[in-house]
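Quick notes on the structure that follows.
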Amino acid sequence: MSKTINEVDSFSTISPAAIEILNIVDRQDTSLKDIADLLALDEILLVNAFKLVNSAAFALRKAPRTIEEAVTHLGLYGLRDLIFMVAARKLFANISSWHKNIFIAQACKKLAHRFHLKDKAISDLYIAALVHCLGESSLEITYKSKYQDLSEEENLHEKLNQEKHLYQISSSKLSEQMLHDSGMPKSILKILSNQDQGFYSENYKLENILIDLGHQLYFLAFTDQIEIDEIMSQEKYISFNLDKLSLSSSYIKQLHQQVNSLISL
């Protein structure tokens, strides 16, 4: 495992301001001024965050001009997600990897709302889904053509198992290791760590199965061989009651349209 970690290409660091915002939102004594002061430390992050929230992708009736107005429209955790999404873009080497991760994160957030998870749990899931493939990007860059077939594997559980066999570490575990010293909240790192264990593990939670499902839904749009009903009838999804979700091909297309509007900025 350590050999693989040492071999993978280094990746861009996440803005310290973004990491700090991830952590302070949960504190009761955090004020909006605290968040504004942190964003002021990273002018590029601040400009890009407001550029995105003012875009057609968010379709807000009134474009927010201050942190207070952004929180009014998005909520505190919604702002947290937006800031991290902007900060995380530079971690991915190519647009296709970024597109996939944004899609999975957006799918997870929408599905988590339907399970009535709390705002913090949804935000942690969104951020974990956004970076769970960070290790995959590094493996792909480092091992190039040797990794190509694995990166196109539609079954996330199977892909992680094959990675462990070939590289002694899965991409989700590698993502956790790469982010461990960055100051990422432990609740997010725990989701990444549990993703590696598979749905038969008692540590595998709803957040993990939603990332798994988001991964399947992403590939569904690019193949005619798999139907949504076929995916949702799998044992692992039934055990988490995901088979009761009403999903359709139009739902997948709508997600892709939303993601395309986000990454086009």
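In this model, which of Lys62/Lys118; Lys109/Lys236; Lys90/Lys205; Lys110/Lys253; Lys100/Lys190; Lys159/Lys190 are farther than 23 Å apart at the alpha-carbon? Pairs exceeding 23 Å: Lys62/Lys118; Lys90/Lys205. Only protein atoms count toward the accessible area here, which uses a 1.4 Å probe; on the chain, the carbon and sulfur part of that area reaches 50 percent. Name the shape class, rounded, prolate or oblate, that the alpha-carbon gyration tensor gives for segment 19-88, where a ≥ b ≥ c are the square roots of its eigenvalues, rounded holds for a/c under 1.5, and otherwise prolate holds if a/b is larger than b/c and oblate otherwise. Note, shape of segment 19-88 comes out prolate. Among Asp37, Asp124, Asp196, the residue with the largest mean-square fluctuation in a Gaussian network model of the chain, with springs joining Cα atoms closer than 10 Å, is Asp37.
The residue list Val53, Ala40, Ile21 was ranked by how far each Cα lies along the charge dipole of segment 12-60 toward its positive end, using unit charges on Cβ atoms, and Val53 comes out on top. The trypsin sites (Lys or Arg not before Pro) of segment 62-92 meeting both criteria, a DSSP state outside H, G, I, E and B (loop) and at most 16 other C-beta atoms within 10 angstrom of the site's C-beta, are Lys62, Arg65. Here's the picture: charge each Lys and Arg Cβ at +1 and each Asp and Glu Cβ at -1 in the chain, and of Ser171, Ala107, Val71 the one pushed furthest to the positive end of that dipole is Val71. Only Lys, Arg, Asp and Glu carry charge here, each on its Cβ (+1 for the first two, -1 for the last two); on that basis segment 63-198 has a dipole of about 300 debye about its Cα centre. When +1 charges are put on Lys and Arg Cβ atoms and -1 charges on Asp and Glu Cβ atoms, the dipole computed for the chain relative to its Cα centre reaches about 640 debye.
Taken as Cα centroids, segment 187-265 and segment 28-82 sit 28 Å apart, rounded to the nearest whole angstrom. Relative to the longest principal axis of the Cα atoms of the chain, helix 156-167 runs at roughly 80 degrees.
Relative to the longest principal axis of the Cα atoms of the chain, the long axis of helix 76-88 makes an angle of roughly 70 degrees. Could you work out the longest stretch of the chain that avoids the chymotrypsin sites (Phe, Trp or Tyr not before Pro) located in DSSP loops with at most 13 other Cβ atoms within 10 Å? Formally, the longest exposed-site-free interval is 1-199. In this structure Thr66 has an accessible area near 60 Å², from a 1.4 Å probe over the protein heavy atoms.
The angle separating the long axis of helix 249-263 from the principal Cα axis of greatest extent in the chain is about 50 degrees.
Note on the chain: with a GNM built from Cα contacts shorter than 10 Å, the maximum mean-square fluctuation among Ala40, Ala105, Ala128 falls on Ala40.
The values are calculated or read from the model by the stated rules, or taken from the named source; none is laboratory data. Values in this document were obtained by computation on a predicted structure and should not be read as measured data. With ideal geometry, Cβ positions are generated from the backbone for all residues, glycine too; neighbour counts draw on all protein chains shown. Heads up: the accessible areas ignore ligands, DNA and RNA and are worked out on the full protein's heavy atoms, side chains in. Shrake-Rupley method; radii C 1.70, N 1.55, O 1.52, S 1.80 Å.
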